[in-house]
Amino acid sequence: MSVPSLTPAPSRGETRFILALFIGCLAFHFWAVGVGWGHKNLFGVEWRQAQTALTAHFIKAENNFSLAYPTPVLGKPWSIPMEFPLYQWTVVVVGKLTGLGLTKAGRAVSIACLYLCLPAIFLLLARWRVARAHRWLVLAVVLTCPLYIFYTRAFLIETMALMFALWFWVAYERGVAGRSFSWLAIAIVAGAGAGLVKVTTLMLYVLPMIFWSMRRLWANRSDGGWRTELAWMAGATLLPMLATGWWIHFADATKALNPLAHFLRSAAMRDFNLGTTATRLSGEYWALKGRIMAEDLTWLPAVGACASLAVVAGWRRGWEILLNGGLFIAALIIFPVLYAFHPYYYVANTMLLLLAMGLVLVALAETKHPRWLVVALVLLITGGQAGRYLDYYFPVQREAGEAGSGLTQALRALTRADDYLIIVGQDWNPMTPYYAQRRALMLRAGETEPVRLDAALAAMHGEKAGALLVTGPWENQPALLQRITALGLETKPLLVWRDISIFLPATRRAELLLYLELHRYHEVGLAPGVEFPPEQLSKTWLEVANIHLRNRYLFSAMQPRPVRFWSTFGPGLDERGGRPSFGAHPVTRLVFRLPAGKHQLRTVVELPLVSYISDAGADQRTDGVEIKLTALGAAETQSVLYTRLLDPLHRHSDRGPQSLTINFTLAQAGEVELFFGPGPHGRDTRDWITMGRLVID
C-alpha cells in the first residue's frame, strides 16, 4: 500500500527531470562498474577479495558446497569459516550457468546485489512519506557515490549483506505495522541472510529497527497493544537471531579443529571486532577513519553542502536525516577498529550517509525555494560525486594489471595442483595462495615455534609440500629448517623473488631447473649459489627452438633467427659498445628457413687485427675464412649462392669491417645455410671472425 506524501506531489516537469537524472545516473553507474571488467587483478583491499575468491575457487574446483567450506590458508583441515558461504555459492553457480570466469561472476553477483538494494530503499522512503518522484532523487545520489561504484564490482560479500539488511529493515517495519505475514516471511529470510552473510552489517541495521520498535511499543503502552506489537516483532527477529547464533557457534567449532586458527575464533576476535574503550577514544584510529571518510567514500564538498543545506531546509525531514546520519557515525563507534583499517566496511554504513544526503535534497525540493536553485544543487551533488569517482577510482580501476605476480605465476607452473605451499612471513594474507591457485599452510609470527609447528605439520600428514616460501633471511627459521628434509624440500632455496626465498622439492631439482631455463617469470631468479647446468652447444647439430631460453639470445641479432646451427667451439655474442658481435669461428653453420622469392642478406664481418698482424710465423696467423651461402634443396641437393674468402693477411682490402650484401632468389620455400669455414690450408688458427647484425629480407 502506498503511503501518501506529506507534501504536494512534484510538478510534471520536476518529475521528468528527476527521472531523467536517475536514468542518467543509473547508466553512469552501469558503465563505471564495467570499467576493467575483464581484469583478473582484484584492486581494492586485494587481500580480502583474494580470501573470498580463494574460497570460491576451491568450492568450484572440489565441488564442495559443505558448510565447512574450504579456505585453504592455514593448513588442514582446510576450513576456517568466517561468513556463511551464500555469496561464494552464488558466485560458483552463476559462473557455471553463465560461463563467466570466477572473477567476472563474483563481480556480477556483487553488482546485482547493489541493484537489488534500490527497491528496498525506494520502499523505505515510502515509509517516510517521501513523494515517489523524490525517491528517484535519493537513488540518484546512491548511484553516483564513488564507493558504491568501486566496491560494487569487488569480489566481496559486502553488497549481499547490505541487500539483506535493507530488506530486513523494510520488511520488518511493513510486516509489524501492517500485520502482514508476507512481509513477516520476507523479514525472516532477509534477516537470516544478513546475519549469516555478515553479522556486523546486521547489527548496524538492527539499530533503526530497535528505535522504531521502541516508539511503537511506547505509543501502545496504555491500551495493552504493546503485547501484540511485541509478538510480531519477536516473530520477525527470532529466527534471524537464532540462525546468526547457530552459525557463529558452528564456525567456532570448525575453526577449533585447526591448530593454527585459534586467533580467528569469536572470543579471540572480540576486541578486534567490537573494539574497546581505548580504541573508541583513540585519536590515531579516528585519524584513520577520517582519512577514509575524506578520500574513499564520496565527494567531501557534497557532504559539506548537504550539511549546510540541512540547517536551511532539513527541518522538514529532520528526524530521518538525524537518524541516518547518526547511524553512519554509530558504526564508527561500535566497530572502531574495523572501520579504521578496512575501507570496504563502509559499504555497510555509507548507504545511511547517502540517505541523509538524499533526504536533505528532498527537503529542499519540498520547500518554496526557486526550482533553478534546487536543480543546480542536485546536479552539483550528483555531478560532484561522479567527478570524484573519475578522478580518484577510475584511473585505478581501468589499469590492466597482471593477475598476481611473477612469484605466483612461477608457483603455478613449478608446483602441482594437489601440492600445498608453506608460507612464512606473509601472516595469513591469501593473495599468494589465491593467485597461485594452491592450498597453503601459512605460518604467522610465532607459529614457527616447535610446539605449534609440529602440530601444524602433523595435521598435514599425507599431503605433498610443493614449495616453501620464506620472507626475509631464511636462516632465521631454525625450527622449520630442521624439518624441511622430512617434507621432501631442499635445505637451501632454489629461487628468489624480491625478499622471498623459495625452496622446492629435492627430487625435482633437475626437472625444475630445466623448466626454468626455458621459461622466465618476472623478478624470479636463481638463489645465490645456484646455477643452471651447462648446455652442450658445440660439435653437434642443434635446433634453436630446443636450446635453453638463456642461450637463445645468442641469435638475437639475426633476423630471422636460424632454425638450427653447428659450431665447433659453440656460438658466442658480444654486445659491448651497443653493437652485437657474433662469434662465427670456423666451423660455424647457420641454417635459415625462408619463403620463395627474391632475398637479400646483409651483415658486416671482420677479422681482428691481432689475427693476422703478429711477430709469429705465418702458421700462427689466420690464412683466411671461407664464407659461403648455400641453398639446401630436397634429397640433399645443394646450390651455392655465394662464396668468398676473407683473407686480410694477403689482401689489404679485406682488413677492417667488411659489408656483406648477397642477393639471391629461391624458386620455392626452403632452407639456406650460411657457412664459415677455414682457409685454403684447412687451419682454423686465429680464425676469429665476427659477424654483426644479420638481416635477410
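The values are calculated or read from the model by the stated rules, or taken from the named source; none is laboratory data. If you're wondering where the values come from, they're calculated on a predicted model, not measured in any experiment. Please note: Cβ atoms are built from the backbone with ideal geometry, for glycine as well, and neighbour counts cover all protein chains shown.
I need the full set of residues from the stretch 387-432 which are within 12 Å of the chain's Cα centre (by Cα), part of a helix (DSSP H, G or I) and closer than 20 Å to LEU495 by Cα, in order please.
The answer is THR408, MET431, THR432.
Can you pull out the helices (runs of 4 or more DSSP H) entirely within the stretch 277-362 that have at least 3 residues that are among the β-branched types (Val, Ile, Thr)?
300-313, 318-334
Which of the residues spanning the stretch 503-515 are of a type in the set (A, V, I, L, M, F, W, C) and either touching a residue at least 40 places away in the same chain (Cβ under 8 Å) or outside the structural domain of GLY466 (by TED's automatic domain parsing) (or both)?
LEU504, LEU512
Read through the list (1) touching a Leu at 6+ places or on another chain (Cβ under 6 Å); (2) modelled with pLDDT under 90, then give the number of the only condition that LEU512 fails.
(2)
Return the residues of the stretch 219-260 that are part of a loop (DSSP other than H, G, I, E, B) and in contact (Cβ under 8 Å) with a residue 12 or more places away in the chain; say none if nothing qualifies.
LEU257, ASN258, PRO259, LEU260
Could you go through the stretch 66-88 and let me know if any residue there is among the hydrophobic types (A, V, I, L, M, F, W, C), within 30 Å of THR382 (Cα to Cα) and out of contact with any His (no Cβ under 8 Å at 6 or more places or on another chain).
Among the residues of the stretch 66-88, not one is among the hydrophobic types (A, V, I, L, M, F, W, C), within 30 Å of THR382 (Cα to Cα) and out of contact with any His (no Cβ under 8 Å at 6 or more places or on another chain), which makes the answer no.
Which members of the stretch 625-666 meet the condition of being among the aliphatic types (A, V, I, L, M) and within 53 Å of the chain's Cα centre (by Cα)?
LEU629, ALA631, LEU632, LEU660, ILE662, LEU666
Considering every residue within the stretch 561-571, establish whether at least one is within 43 Å of the chain's Cα centre (by Cα), over 17 Å from GLU673 (Cβ atoms), small (Gly, Ala, Ser) and surrounded by 12 or more Cβ atoms within 10 Å (Cβ to Cβ).
no
Mind checking which residues of the stretch 444-459 are in contact (Cβ under 8 Å) with a residue 12 or more places away in the chain, over 18 Å from ARG48 (Cα atoms) and outside any helix (DSSP H, G or I)?
ALA445, GLU447, THR448, GLU449 - these are the residues of the stretch 444-459 that are in contact (Cβ under 8 Å) with a residue 12 or more places away in the chain, over 18 Å from ARG48 (Cα atoms) and outside any helix (DSSP H, G or I).
Restricting attention to the stretch 269-276, does a residue exist that is β-branched (Val, Ile, Thr) and in a loop (DSSP other than H, G, I, E, B)?
Yes, that holds for at least one residue.
Please pick out the residue among LEU67, LEU54 that is surrounded by 22 or more Cβ atoms within 10 Å (Cβ to Cβ), under 24 Å from ASN258 (Cα atoms) and not polar (S, T, N, Q).
LEU54
Take the residues in the stretch 13-41 that are of a type in the set (A, V, I, L, M) and more than 18 Å from PRO146 (Cβ to Cβ), then tell me which one is surrounded by the most Cβ atoms within 10 Å (Cβ to Cβ).
ILE18
When you scan the stretch 590-697 for strands (runs of 3 or more DSSP E) that lie fully inside it, which ones turn up with 1 or more residues that are free of Cβ contacts under 8 Å to residues at least 60 places away in the same chain, more than 24 Å from GLU575 (Cβ to Cβ) and among the hydroxyl-bearing types (Ser, Thr, Tyr)?
Correct list: 625-632, 638-646.
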